[in-house]
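Notes to accompany the following structure.
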Amino acid sequence: MTSFQLPSTIFPNNAITRAERSYQMRSSKKLRPWRRWITRIAAGLLVMVSLIAFVGLMIASLSQRDPTPLIASFEPLPLLLILVAIVYAVYLMLQTISLTANSITREIEAETWEMLVLTGINARQIVRGKWWATVQRQFSRYLLLSLIRIGATVAYVFSVGGSAFYVSKSYYTSFQLPHPVTLFIAALFGILFSIASLALSAACGVMASAVSKRSSIAILRAFVLQIVITVFPALLLSIPFLPYLSTAEVSAAGSIFQSIIWGIASVIDNGFNLIASPLLLNTQSNSTHIIPVTFDWMIAALLSLCLYTLLIWFALWRAEKRAVRALATSAD
């Protein structure tokens with residue numbers, strides 16, 4: 001029986017990948033044992049609180065009981081989850097950028113770039129090998145972030161729309177919660193958005209490293225590139241669909257165009273508001289018990305992930321083009 005393997009053209013496991021991964025492990029700062037234990041305990045507590053919030057909402061959804069007392073009993077931890085999720089996401093983005101922005105410029109500064117030329121390795125193998133090594137290195141950290149994000153999303157929903165669970169009818173007020181399938185799909189998309197953010201940050205770092213001669217400049221350039229590559233395309237792609245927003249509630253085409261804008265804009269905040277929206281009942285007015293997630297929301301989430309894939313491909317493609325020029329210059 002053969003084990004499952006990812007496509008080597010996209011996710012290479014060549015000598016470049018192994019060497020880069022080994023270098024990152026050796027060069028990483030080793031924490032003292034007591035600091036390592038404190039970090040693990042803090043991470044474990046955050047994950048525990050996050051899972052309690054999510055599982056509590058899931059159980060409440062199945063039993064149709066108000067989970068507000070459970071969430072309130074953990075105050076101010078739910079709000080702390082939101083803050084930690086934001087700070088940790090920014091920290092991981094900068095850490096990932098620093099690792100990849102140093103990958104190619106380090107070879108140039110250490111004058112080992114010519115050795116890569118002599119090995120006969122092409123630019124695509126170098127760029128994608130260093131990118132994939134960083135993704136592997138940071139994957140467990142972003143998985144931890146995704147678990148914290150799940151609880152932070154639940155806390156965000158209760159902080160801005162907990163009262164929306166009480167829906168006023170003609171003569172009475174009923175209590176409703178998001179469908180359990182909705183919660184599961186939202187959590188799944190939260191993990192996918194975190195992984196997409198990791199891949200994009202690593203790709204922007206490699207692209208900046210390929211066009212820079214110093215590591216310090218490459219880190220700053222990668223940070224600016226990530227902002228530019230996410231904000232400006234989102235704004236430019238949203239402009240053609242803005243006139244349809246006013247008719248989104250009465251027109252099927254307008255609803256689709258609104259989903260497109262929503263999906264494009266979700267690249268900016270890594271889908272945080274998009275993931276939280278189906279948990280608020282006012283966005284689920286068109287959903288049913290059989291179809292717990294609206295079709296428009298699914299279009300927006302999938303479109304956002306497709307846009308992430310396109311931006312990652314563009315960043316790696318630009319890095320490969322620049323690396324080709326550098327290899328040609330070294331060969332001469």
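Please treat every number below as a calculation from the coordinates, not as lab data. This is a predicted model, so every value here is computed, not measured. Every residue, glycine as well, gets a Cβ built from its backbone with ideal geometry; the counts of neighbours run over all protein chains shown.
Could you tally the net charge around Ser215, taking each other residue with its Cβ under 15 Å from the Cβ of Ser215, Lys/Arg +1 and Asp/Glu -1? Mind dumping the intermediate values first?
On the way: positive: Arg106, Lys130, Lys213, Arg214, Arg221; negative: Glu20, Glu107, Glu109, Glu111.
With Lys, Arg at +1 and Asp, Glu at -1, the net is +1.
Quick check: pseudo-label points 7 Å beyond the Cα along Cα→Cβ at Val55 and Arg32, how many nm apart are they?
Output for this residue pair reads 3.5 nm.
Please report the net charge: other residues with Cβ closer than 13 Å to the Cβ of Trp313, K and R +1, D and E -1. List each step's numbers first, then the result.
Numbers: positive: Arg124, Arg128, Arg318, Lys321; negative: Glu320.
So the surrounding residues net to +3.
With each pseudo-label sitting 7 Å past Cα toward Cβ, what's the Leu94-Arg214 distance in nm, one decimal?
So the label points at Leu94 and Arg214 sit 2.0 nm apart.
Could you please rank Leu188, Leu198, placing first whichever residue has the fewest other Cβ atoms within 10 Å of its Cβ?
Leu188, Leu198
Give me Met93, Met298 sorted ascending by neighbouring Cβ count inside 10 Å, so fewest comes first. The partial results should precede the final answer.
Details: Met93 24, Met298 16.
Ordered by Cβ neighbours within 10 Å, fewest first: Met298, Met93.
Students often check this: by mean Cβ neighbours within 10 Å, which of 56-64, 228-236 ranks highest, and how do the rest follow? Don't skip to the end; give the middle numbers.
Details: 56-64: 16.2, 228-236: 14.7.
The packing order, highest mean first, is 56-64, 228-236.
Exposure proxy check: Leu79, Leu279 ranked by fewest other beta carbons within 10 Å?
So the residues, fewest neighbours to most, are Leu79, Leu279.
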